[in-house]
Amino acid sequence: MVAKGLHIEELEEFIKSAFLNDDDIVSIYDKNVPVNNTEDVCKNVYEKITSLKETPQMRGVYADGVKIGYFVFMPSILISFGININYREYKYLIRFWGLIKEEINTNFQCYLFDYNVRAIQWLKKCGMNILFENVTILQICH
């Protein structure tokens, strides 16, 4: 498994490689965004990442030359990540986590909705600790 740098134009296909067959993602996705299927989720993840004021680092993840996922980060923050449902077994997940840690280094945070229990549980298994729960973040958009 390897992670390679991406240009923003390439990111959406890697997001799709991570989530398209993952029907459960719809129920744990951002409740403020109306999504009906995994295609909607993929499009919205891409839109959120491309709307960031600063351009983040983006990595596409491959296993045996096949696109299987991605992760997006800035210094000290894991912004978004996903791996194909067929690769969510220990030997791949441990390597995926290793790729993330290699790129971001050891001290970083990840902000998730508290109902995204699946991602929270995985990150806890990887050694991350919960700092805050039930946090409301407000933003003004012009």
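A few comments on the model shown:
- Each residue of the stretch 127-132 was assigned a 3J(HN,Hα) from its phi angle through the Karplus curve 6.51 cos²θ - 1.76 cosθ + 1.60 (θ = phi - 60°); the sequence is x, 7, 10, 6, 9, 9 Hz, with glycine and proline shown as x.
- Computed with a 1.4 Å probe on the full set of protein chains, the accessible area for ASP24 sits at about 100 Å².
- Placed amide H near ILE77: partners under 5 Å, 5+ positions off or other chain: GLN109
- Along the chain, counting only GluC sites (Glu not before Pro) with a DSSP assignment other than H, G, I, E or B and at most 15 other Cβ atoms inside a 10 Å radius, the longest segment between sites is 1-53.
- Where only DSSP H runs of four or more residues are counted, the chain gives -11000 deg cm²/dmol as its mean residue ellipticity at 222 nm, each run worth -39500 (n - 2.57).
- The magnitude of the dipole of the chain, with charges of +1 and -1 set on the Cβ of Lys/Arg and Asp/Glu and taken from the Cα centre, is near 420 debye.
- For the stretch 71-81, 3J(HN,Hα) computed residue by residue from phi via the Karplus equation (6.51, -1.76, 1.60; θ = phi - 60°) reads 8, 10, 8, 10, x, 6, 9, 8, 8, 7, 7 Hz, glycine and proline entered as x.
- By accessible area with a 1.4 Å probe, ligands and nucleic acids excluded, highest first: order of PHE113, PHE96, PHE132, PHE108: PHE132, PHE113, PHE108, PHE96
- Residues of the chain: accessible area per residue with a 1.4 Å probe, Å²: 64
- Given LYS48/LYS125; LYS43/LYS124; LYS4/LYS48; LYS53/LYS124; LYS31/LYS91, the pairs whose alpha carbons are separated by over 24 Å: LYS48/LYS125; LYS43/LYS124; LYS53/LYS124; LYS31/LYS91
- For the stretch 1-102, convex hull volume per residue from C-alpha positions, Å³: 103
- For trypsin sites (Lys or Arg not before Pro), the sites in the stretch 1-102 that DSSP calls loop and that have at most 11 other Cβ atoms within 10 Å are LYS31, LYS53.
- Hydrodynamic estimate: the Kirkwood radius of the stretch 1-41 over Cα pairs, inserted into Stokes-Einstein at 20 °C and 1.002 mPa s, corresponds to D of 186 µm²/s.
The values are calculated or read from the model by the stated rules, or taken from the named source; none is laboratory data. Given the structure is predicted, the values throughout are model-derived calculations rather than measurements. Note that we place each Cβ from the backbone using ideal geometry, even for glycine, and neighbour counts take in every protein chain shown. Areas reflect the complete protein model, heavy atoms only, side chains present, ligands, DNA and RNA absent. Shrake-Rupley method; radii C 1.70, N 1.55, O 1.52, S 1.80 Å.
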